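Please treat every number below as a calculation from the coordinates, not as lab data. Because the structure is a prediction, the values reported are computed rather than measured. When we count neighbours, we look across all protein chains shown, and the Cβ atoms used for this are built from the backbone with ideal geometry, even at glycine.
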Amino acid sequence: MSAILEVRGLNVDYGPVRALHEASLRVEAGRIATVIGPNGAGKSTLLNAVMGVLPSTGDVRFAGRTERGAIEQRVMHGMCLVPEKRELFASMTVEDNLLLGGYVRIDLRGRGAEDTKAQVLRLFPRLEERRTQLAGTLSGGERQMLAIGRALMARPRLLMLDEPSLGLAPLIVREIFHIVSALRASGVAILLVEQNARAALQVADYGYVLESGRITLEGPAADLMHDARIAQTYLGLGGRG
Ligand code: ATP
């Protein structure tokens, strides 16, 4: 299996405070890798550094080349980040939010945007039903779907999702993760950052545990699900191990 993303020895500092220490991980092409960990572990920091939103030291290799440039360049190479805050345009329709998502790819502007939009709407029937509705009037789950759909408009090869389950009811989380799984089947690689360890490990192929800015454990997601410490700390399965 070839890695589409390979991160080695990534460090991020907020002033004098180091938030990420020598983080290394890889995402295989067409697979889902997840990073789980508690509040404040550095999960968003990691994604933002990979995307070039935050300055970092270390190595980010994407599709065989080292990424040193700005966000726009990384988007053009095929990376996309759906941030935790979703950042939609509330006073614009679902459809216009989607079209703006395609616009970030300067190289693709206009080209095939309608086809990509039709594909995205097929993936999210709820968005299809609401295509003329203002984004600000959507439910939390629909907003998350729109944020993912908008990212897909840039036709990414790697989609990075920052806590897509945040603030959503369990049924909606299941729906979102079902779609994430369908995306893998379409060939997009996914780096999923989550506090909801159970949902993330169920959908992922490989997992990393990030604690206090350090990757402390990694392995196939199915193995992590059965790891006694993970079960106790992150899956709430009691302390009798
Ligand atoms: P959460 O699940 O709560 O979003 P997280 O795992 O994504 O947590 P980060 O948001 O990456 O964690 O934060 C990692 C650490 O860096 C925390 O201690 C946080 O307080 C700190 N931090 C994050 N952003 C900044 C900033 N702009 N300036 C200073 N410290 C920051």
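The table below gives the values:
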| read-out | value |
| --- | --- |
| Highest to lowest packing among 17-25, 165-173, scored as the average C-beta count within 10 Å | 17-25, 165-173 |
| The chain - mean residue ellipticity at 222 nm from DSSP helices (-39,500 (n - 2.57) per run, n ≥ 4, rounded to 500) | -10500 deg cm²/dmol |
| Restricting the range 148-226 to trypsin sites (Lys or Arg not before Pro) in coil, as DSSP defines it, with at most 13 other Cβ within 10 Å | none |
| Residue exposure sequence - Lys43, Lys85, Lys117 - by fewest surrounding Cβ within 10 Å | Lys85, Lys117, Lys43 |
| For the chain, the fraction of alpha-carbon pairs in successive 5 Å shells from zero, as % | 1, 7, 14, 18, 20, 17, 12, 7, 3, 1, 0, 0 |
| In degrees, nearest ten, helix 113-123 long axis to first principal axis of the chain (Cα) | 60 |
| Solvent-free Debye scattering, log10 I(q)/I(0), computed from the Cα coordinates of the range 107-241 at q = 0.15 Å⁻¹ | -0.79 |
